[in-house]
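The values are calculated or read from the model by the stated rules, or taken from the named source; none is laboratory data. What you see is a predicted model, and the numbers here were worked out from it, not measured in a lab. So basically every Cβ, Gly included, is an ideal-geometry build from the backbone, and we count neighbours across all protein chains shown.
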Amino acid sequence: MPSKEKIEAKAKKAEEKAARKAEKRAARQEKRAKKKPMPKALRIITWPFRMLAKPFIALGRYIHDSWVELRQVRWPSRGATWKMFFAIVIYAGLFMVLIALLDMLFTWLFNIIIG
């Protein structure tokens, strides 16, 4: 069992990380608020290029967001992974036996009926 000091140190580290994230988020929002809109003539000229770039920007955003989500996942340990693997193999084996038994039953019934 981890000691009280270790738990407190982890909690403090997590709070510091959350504070840094909040500061970064606030800085980004402030930077966006200061951003001036593009002049209308420049918007008209660059419109086709922006339309061509939109799918690539969306793809990049998707990949970035996916990576962020993957970093937040709590992956199972090696032992838990093996336990789940064997549970799936056993379940698949039992289901295969059930399907085989049903197949033999229906084959036998159809042979009696059609016979």
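Does segment 84-106 contain at least one residue that is in a helix (DSSP H, G or I) and in contact with a helix residue (DSSP H, G or I) (Cβ under 9 Å, 6 or more places away or on another chain)?
No.
Which one is modelled with the highest pLDDT among residues in segment 71-86 that are surrounded by 10 or more Cβ atoms within 10 Å (Cβ to Cβ) and within 19 Å of the chain's Cα centre (by Cα)?
The qualifying residue modelled with the highest pLDDT is Thr81.
Taking segment 31-70 on its own, how many of its residues are surrounded by 10 or more Cβ atoms within 10 Å (Cβ to Cβ), of a type in the set (D, E, K, R) and either in contact with a Lys or Arg (Cβ under 9 Å, 6 or more places away or on another chain) or at pLDDT below 90 (or both)?
Count: 2.
Taking interchain pairs and intrachain pairs at least six residues apart, which have beta carbon atoms under 9 angstrom, with the first residue in segment 26-50 and at negative phi and the second loosely packed, with under 10 Cβ neighbours inside 10 Å?
Within 9 Å, the pairs are Arg43/Pro37.
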